[in-house]
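Notes follow once the structure below has been shown.
Nothing in this text is a laboratory measurement; each read-out follows from the coordinates by a stated rule. Only a predicted model underlies this, so the values are computations on that prediction, with no experimental measurement involved. A quick note on method: Cβ atoms are made from the backbone with ideal geometry, for glycine too, and the neighbour counts reach across all protein chains shown.
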Amino acid sequence: MSYLQAIDPAPAALRAVPELTIVVPCHNEEAALPPLFRRLEALNDDLLGQGQLTRPLRLLLVDDGSNDRTWELIERARTTLPVQGLRLARNRGHQTALLAGLMQAQTEVVVSMDADLQDDPAAIAEMLGAYRRGAEIVFGVRDRRDSDTWFKRRSARAYYALLDRLGVDLLQDHADFRLMSRKALSALAAYGEGNLFLRGLVRDLGFQSEIVLYDRAARSEGESKYSLGKMLSLGIEGLTSFSVKPLRMIVLAGMLVAGLAFGFGLWSFVEWTMGRTTPGWASIVLPLSLLGGMHLIALGVIGEYVGKIYHETKRRPRYIIDEIASHDGATRAAPPLKSMAR
């Protein structure tokens, strides 16, 4: 063996070409499904032509309690791809619907993405390449967000910066567009919590990972189902699920307020000894208002954590699958025990 071979060994052999399932949570995505089918059919042809797949990819769609024709389109899907549909018994939210699909997928590799095609399916080819080089998780990270509004870009950056300061391990500009191997999915299944924030949970797994950059596109059809309220709810979920620093900040704020109150007491005593005491309501109302506001904020933060404990201790099922639709057109009820397991 030469000296150069000793310090620069040959790269490890690539993994075998895997079978692939793409999981897509859907909530009232009637308008977005036809272009999604067309785009993924074209992607399937490209991946087969590049040798990235040896068999057609599978598509698993999770209907998260839609009230339009989403489930009807899933049942009647006529594509060149094997399509499976899961219909949840009621709307459980994006993160829970996504988890239901991930847990139901059976292939060695699973990619999750949204139905609106803002996450570029072409990046899946790079994800598969990273998997074959040894990555168990491949994160799709938005390189550009020109299609987002100014407010959404700024608020997202501020949110990521806040979580980073609070010690939460998140990838900036990564949502739920990612590849996970069977090994990573098995580890994710061990997490039994009902308060789901998959972006944090997947990072917490700790397996070898890679990043694939892509440009975020405009939504293909329809309107976004993520309102400002839902985005705020997801943000609070991520903050309280992975950090206890807000509770510690309450302690620091309490110490600060106590210090200010003590200093104000000393100042009042000095003023009284010098005969300069000015009677008035401000000296009473302002401290009481300050302390009352601090108490309410503290109770709100503590209540958020107590509420999470309350929901977790009930051990209710995170989701219940009502029906399963397969590529052959058959629709059947799902095994309840498997669907409800946590």
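Observations on the structure shown:
- As a proxy for reagent exposure, ranking Asp322, Asp119, Asp143 by other Cβ atoms within 10 Å from fewest up yields Asp143, Asp322, Asp119.
- Label-point separation, Leu171 to Ala122 (7 Å along Cα→Cβ), nm: 1.9
- Extension gain, Leu14 back to Arg38 (0.36 nm per residue minus Cα-Cα distance, nm): 5.6 nm
- Segment Arg76..Gln50, full-extension length gain: 6.4 nm, with 0.36 nm per residue of separation and the alpha-carbon distance subtracted.
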